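Below is one structure; the comments refer to it alone.
The values are calculated or read from the model by the stated rules, or taken from the named source; none is laboratory data. All figures in this text were calculated on a predicted structure; none of them were measured in a lab. Here the Cβ positions follow ideal geometry from the backbone for every residue, glycine too, while neighbour counts run over all protein chains shown. Surface areas here come from the heavy atoms of the whole protein model, side chains and all, with no ligands, DNA or RNA. Shrake-Rupley method; radii C 1.70, N 1.55, O 1.52, S 1.80 Å.
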Amino acid sequence: MCDGKPITYFVACSPPSSSIIRIDNNTPCTMTAIIEWHHNRETVGTIEQGQQISFAVPALRKLKIVCDGEGGIGKGTYLIKLRRRYR
C-alpha cells in the first residue's frame with residue numbers, strides 16, 4: 001500500500017554478505033528503500049515512478065521499502081544478489 005509505512009522484504013538469516021540490490025518502481029508513487037547493513041548502518045534511496053536503481057551493499061542485513069503517494073498499491077520488483085566467498 002502507498003501509505004508511508006515501511007514493509008520488510010528481506011532479513012538475512014546468516015551472517016551478512018556483500019550484496020547488490022536492484023529495485024524497479026512501477027507505480028505513480030515514490031518509493032524509498034531503507035537498507036540496513038553491518039554495524040547498524042543504513043542507506044536510504046528514493047526511487048521515482050518508472051525508475052530503476054541499484055545499490056551495492058557491503059553486508060546486507062535488512063531491506064525495507066516505503067511507498068508514499070495518493071493511496072493505491074505500490075507495485076514494482078526487487079532483485080538481491082548475495083555475494084559470498086567460499087574457502
Could you work out Rg/(2.2 N^0.38 Å) for the chain, with Rg from alpha carbons only? 1.11
Using a 4.7 Å Cβ cut-off, which Cys residues in the chain lack a partner cysteine? CYS13
Rank ARG41, ARG61, ARG22 by mean-square fluctuation in a GNM of the chain with C-alpha springs under 10 angstrom and give only the top-ranked residue. ARG41
1.4 Å probe accessible area per residue over the chain, in Å²: 66 Å²
Could you calculate the FRET efficiency of ASN40 with LYS81 from 1/(1 + (r/R0)^6), where r is the beta carbon distance between them and R0 is 25 Å, rounded to 0.05? 0.65
Cross-link partners of LYS5 among lysines (Cα-Cα below 23 Å; sequence separation of 8 or more within a chain): LYS62, LYS64, LYS75
